[in-house]
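As structure tokens, the structure follows; a few thoughts come after it.
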Amino acid sequence: NRQDPSISAFVVGVAGEVQRHPELGPLVEPYRNRARLFLGRLVSEAAANGEFAPDVDPAAVADMAQAVLGGLATFSSTTGDTERHRAASSMVQRLLAGTLLRRF
């Protein structure tokens, strides 16, 4: 996103285009699979290392990560503002680290 913010708009737009033009699906599927495999590996390694609470479903974590990343891509493509995207990404990092909210 830092080097070319238009890429996120392209990635976000592809999903809608595939729904309208199913013949594009086979062209896009290898990239979707690569992203799913990447997130799946990260989540699997975290689960194997005991990084999740016992009641956490790793598949749900992978879905959540995909949703957050997709949301950031959509935000970036609609605002076109790399600084706001960077700031929002930083807040997601703080949320995950547990430093976003005040403790009472």
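Based on Cα coordinates alone, diagonalise the gyration tensor for the chain, multiply each eigenvalue by 5, take square roots, and list the semi-axes in whole Å, largest first.
Working: eigenvalues 145, 92, 21 Å².
Here the semi-axes work out to 27, 22, 10 Å.
By accessible area, using a 1.4 Å probe on protein heavy atoms only, the chain has 60% of its surface on carbon and sulfur.
Rolling a 1.4 angstrom probe over the protein heavy atoms with all chains in place gives the chain an accessible area of 77 Å² per residue.
The values are calculated or read from the model by the stated rules, or taken from the named source; none is laboratory data. It should be emphasised that the depicted structure is a prediction, and the values quoted were computed from it without experimental measurement. For accessibility, only protein heavy atoms count, side chains too; no ligands or nucleic acids. Shrake-Rupley method; radii C 1.70, N 1.55, O 1.52, S 1.80 Å.
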